[in-house]
Amino acid sequence: MTEALRVRVSFRGAELLSRTFARDRILIGRGPACDLRLRNSDVSKRHACILRRGSLGYLLCDLGSTNGIFAGDDRISLFPIREGGRARIGRFDLDFRLIDVPWGQGEAESLSGEDDDGATIRGEHGSAPAVAQAPEIPERETTRSTRVHSRSALAVLKRLLPGARS
């Protein structure tokens, strides 16, 4: 058995989608190359990624986005994902659940299927992206974030992701 990551995307408490990923890198943003597409102007084209770091588990990393990633009210650059963890990207809430899949890590590169709850599992190759779109909200309800990144968090990110922006 291998551990996979289920990501549940919701907007104002309503679930938009739930996908399970069995891969080492999941790109999140509104761009067409993203594995998890969040279609809203508050989300950058390449906003964040989730990395599997072997026995250390999963890590959510900001890719230098304009509006950032939030855990509670705190803007974060790096976020270790735990069972039941939550983060916010733009107007979307992301809930994380660790699950076991019935194949080994090497096999996950070419397989897709369903987990015990019937959710689609995305392997490494040939999977269509998961897409969530938030309804438009009047401008008075939006908020702006300041662009804040700690140098140490960016240094770690650069080591984990060659080619990451500073």
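The values are calculated or read from the model by the stated rules, or taken from the named source; none is laboratory data. Predicted, not measured: the structure shown is a model, and the values here were computed from it. Heads up, the Cβs are rebuilt from the backbone with ideal geometry, glycines too, and the neighbour counts pull from every protein chain shown. Just the protein is used for accessible areas: all its heavy atoms, side chains included, with ligands, DNA and RNA removed. Shrake-Rupley method; radii C 1.70, N 1.55, O 1.52, S 1.80 Å.
Residues that are surrounded by fewer than 18 Cβ atoms within 10 Å (Cβ to Cβ) and of a type in the set (Lys, Arg) were ranked within the range 9-47; the one that is farthest from Asp93 (Cα to Cα) is Arg25. Per the listing Arg97, Arg91, Arg53, Arg75, the residue uniquely more than 13 Å from the chain's Cα centre (by Cα) and under 13 Å from Leu5 (Cα atoms) is Arg53. Scanning the range 53-66 for residues that are open to solvent by 10 Å² or more (accessible area, probe 1.4 Å) and modelled with pLDDT of 90 or more yields Leu59, Leu63, Thr66. None of Ile69, Ile50, Ile76 is open to solvent by 10 Å² or more (accessible area, probe 1.4 Å) and hydrophobic (A, V, I, L, M, F, W, C) except Ile76. On inspection, Glu136 passes the criterion of being assigned to a loop (DSSP other than H, G, I, E, B) and modelled with pLDDT of 50 or more.
Residue by residue, here is whether (1) touching a residue at least 60 places away in the same chain (Cβ under 8 Å); (2) in contact with a Cys (Cβ under 6 Å, 6 or more places away or on another chain); (3) over 17 Å from Arg97 (Cα atoms) holds:
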{"site": "Arg23", "(1), (2), (3)": "yes, no, no"}
{"site": "Leu38", "(1), (2), (3)": "yes, no, yes"}
{"site": "Ser55", "(1), (2), (3)": "no, no, no"}
{"site": "Ser65", "(1), (2), (3)": "no, no, yes"}
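Taken over the range 79-110, the criterion of being surrounded by fewer than 19 Cβ atoms within 10 Å (Cβ to Cβ), over 13 Å from Tyr58 (Cβ atoms) and at pLDDT below 90 is satisfied by Asp100, Pro102, Trp103, Gly104, Gln105, Gly106, Glu107, Glu109, Ser110. For the residues Ser44, Ser55, Ser65, the requirement of being of a type in the set (S, T, N, Q) and either closer than 13 Å to Arg25 by Cα or not in a loop (DSSP other than H, G, I, E, B) (or both) singles out Ser55.
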